[in-house]
Amino acid sequence: MPRRSDRSAQTIRLLVALGREGQRWRYGYDLGKETGLKSGSLYPILIRLADRGLLETDWESEPPRGRPPRHLYRLTSAGGAHLALLEESGHGTDGTAGGRRRALGIAG
């Protein structure tokens, strides 16, 4: 079972962002922009989630010429299940009123 630190506001924000896109691979930079997390917070959280089996990671296979490959992230099935449990318990919101309403199953 994932540790309690997987319920920090920053971790939940990141899990929710990853969960919005299903199985699509995401770049750390884009996740940072979406969640508002700075790299000093974002990448340690990504590493912890991957170490716990909640994220799958890979390297971009064919980066554009002149740019190094980017690291890619997406939820594993265990990560999706963990996010669903957080949402059921009311913890899996993106920190907005709309996110709390969605987590509670209230439209609007």
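The values are calculated or read from the model by the stated rules, or taken from the named source; none is laboratory data. Values in this document were obtained by computation on a predicted structure and should not be read as measured data. Heads up, the Cβs are rebuilt from the backbone with ideal geometry, glycines too, and the neighbour counts pull from every protein chain shown.
Taking every residue in region 27-45 that is in contact (Cβ under 8 Å) with a residue 40 or more places away in the chain and pairing it with any residue that is exposed (fewer than 12 other Cβ atoms within 10 Å of the Cβ) and not in a loop (DSSP other than H, G, I, E, B), at least 6 positions away or on another chain, the pairs with Cβ-Cβ distances below 9 Å are Gly28/Ser39; Tyr29/Ser39.
Table: residues versus (1) at negative phi; (2) at pLDDT below 95; (3) out of contact with any Leu (no Cβ under 6 Å at 6 or more places or on another chain).
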residue	(1), (2), (3)
Ala9	yes, yes, yes
Gly32	yes, no, no
Pro63	yes, yes, yes
Gly90	no, yes, yes
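Using the structure shown, decide if Ile45 is at pLDDT 95 or above, within 10 Å of the chain's Cα centre (by Cα) and either farther than 15 Å from Arg70 by Cα or not acidic (Asp, Glu) (or both).
Judged against the criteria, Ile45 is a match.
When each of Ala103, Ala97, Ala17 is tested for being modelled with pLDDT of 90 or more and among the aliphatic types (A, V, I, L, M), the lone residue that passes is Ala17.
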